[in-house]
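Here is the structure we will look at, set down as structure tokens.
The values are calculated or read from the model by the stated rules, or taken from the named source; none is laboratory data. This structure is a prediction, so every number in the text was calculated from the model and none was measured. In this analysis, Cβ positions are derived from the backbone assuming ideal geometry, glycine residues included, and neighbour counts consider all displayed protein chains. Just so you know, the surface numbers come from the protein's heavy atoms only, side chains and all, with ligands and any DNA or RNA stripped out. Shrake-Rupley method; radii C 1.70, N 1.55, O 1.52, S 1.80 Å.
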Amino acid sequence: MEGTSIRQKIGVILEALYYPIMALLASFLIGSVVILLTSSTSPLEAYGYMFKGAFGSTAAWQDTIIKAIPFVFTALSFSVARRCGIINLGAEGQFIMGALFSTIVAVQLPLLVDIPRLIHLPLTLLAGFLGGALYGLLVAVLKVQFGASELITTIMLNYVANYIVSYAVNGPLMEPGQSSYPQSAPIPETAALNRIFADYRLHTGLIILILCLVFYYFYQWKTTKGFEARIVGFNPSAGEYAGINIKAATLRSLFIAGGLAGLGGCVEMLAVQKRLMMTSFSVSYGFTGIAVALLGSLNPIGILISGILFGGLSAGSLSMEVVTDVRSSVALIIQAFVILFIAGRRMFTIKRKRHFRYHPVAQDLHGLPLPEPEERADGSAEMPLQLTDIKDDEDKTEGGK
């Protein structure tokens, strides 16, 4: 029994890895075709430089991980909502609102009161979480109170978030004395996320990310509320029949999902960009996070590995563009096809023919032994039609009427 259980677990793991691997291979294959059509560099050479730029040295690994951190945050945001049956396409807007709220607290609070780092930094992180959480909660309220589709509202609110930031950096948050470029004042040291080690560029946002991954695992698989959310995601009707409050689960999931995305925007602002600018969100953090989540099968370990892979694509593509004549946008094409192939994973399904094996003790519904299969002309066997099969067909016909 133990051996069978181990084989089953290995089978589940291999099946979970099959679709992501096939999606990656197919996406890189299409990327190779694009490289052949648009440059004079061979795909193998281009991918070699990409891999070297992403994982070829300690500095390359640091760049990859730093770029992967916001992707994993938005992937966690999508995953929390998806486990509850909600497709959260608004991680981009929630990420932006988290960055905005954290910038307001980081920059404006020291102007009002002298505040130490021990208090300022936690308040800034909390503001980032709440900025994204409240933006996600708005989607949940529109869904449960008015029946608005989250697919529409989240996409629309992404644009609204961009316009709010544009107003902020051109108006109340614009750096004093700066009239040529719309940007906020720099993040003060009391609210900044510093490096983990002096000799490395990895920042403490990585520690926050790991804590969020642990939280995601324990919330989804070790708490009652997480279990309820997954039940609602599997079958809302069954969840409602079991007494689960569907509206509360939706509100809770989108609040947490938005908060995780907002915390990602906060970390990016406090650790990497150091000030809010119009160009702060030129990278599509939210939609890349969707690809990371889907490739990682909504699993915390899978999301982390997938995030590092996408961070490597982002970091390595820049190195590839410097050394070769291949544009870094090839990485975006690969990412887009990863989403396409993961969404259409049925195209990678291997269809197997199922043969009926006759067994001398096989019985019908009445407990009588089944007759031996009839031999066809091609040598294959077919079980003769049973009275129960005819009855089932009649029941289906009457039900269709």
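Would you work out if segment 208-315 is rounded, prolate or oblate? Take a ≥ b ≥ c from the square roots of the eigenvalues of the alpha-carbon gyration tensor; rounded if a/c is under 1.5, else prolate when a/b is larger than b/c, oblate otherwise. Prolate shape, in that a/c is at least 1.5 and a/b is the bigger ratio.
A protection proxy built from the mean count of other Cβ atoms within 10 Å ranks the segments 304-313, 217-226, most packed first, as 304-313, 217-226.
Distance between the C-alpha centres of segment 142-217 and segment 1-78: 27 Å, rounded to the whole angstrom. Full extension of the chain between Tyr200 and Asp325 yields a length gain of 41.9 nm, computed as 0.36 nm times the residue separation minus the alpha carbon distance.
Solvent-accessible surface (1.4 Å probe) assigned to Leu340 amounts to roughly 100 Å². Net length available on complete extension from Ile13 to Met156 is 47.7 nm, with 0.36 nm assigned per residue and the Cα-Cα distance removed. Accessible surface area normalised per residue over segment 1-125 is 49 Å², counting heavy atoms of protein chains with a 1.4 Å rolling probe.
Mind running the shape call on segment 1-117? Use the C-alpha gyration tensor, a ≥ b ≥ c as the square roots of the eigenvalues: rounded below 1.5 for a/c, prolate if a/b tops b/c, oblate otherwise. Judged from the Cα gyration tensor, segment 1-117 comes out oblate (a/c at least 1.5, b/c at or above a/b).
Cross-link pairs exceeding 29 Å in C-alpha to C-alpha distance, out of Lys67/Lys143; Lys222/Lys247; Lys143/Lys225; Lys9/Lys222; Lys67/Lys247, comprise Lys67/Lys143; Lys67/Lys247. Packing here is the average count of other Cβ atoms within 10 Å per residue, and on that basis the peptides 193-202, 250-259, 323-332, highest first, run 250-259, 323-332, 193-202. Using the Cα gyration tensor of segment 289-342, with a ≥ b ≥ c the square roots of its eigenvalues, what is the shape: rounded (a/c below 1.5), prolate (a/b larger than b/c) or oblate (neither)? It is oblate, given that a/c is not under 1.5 and a/b is not larger than b/c.
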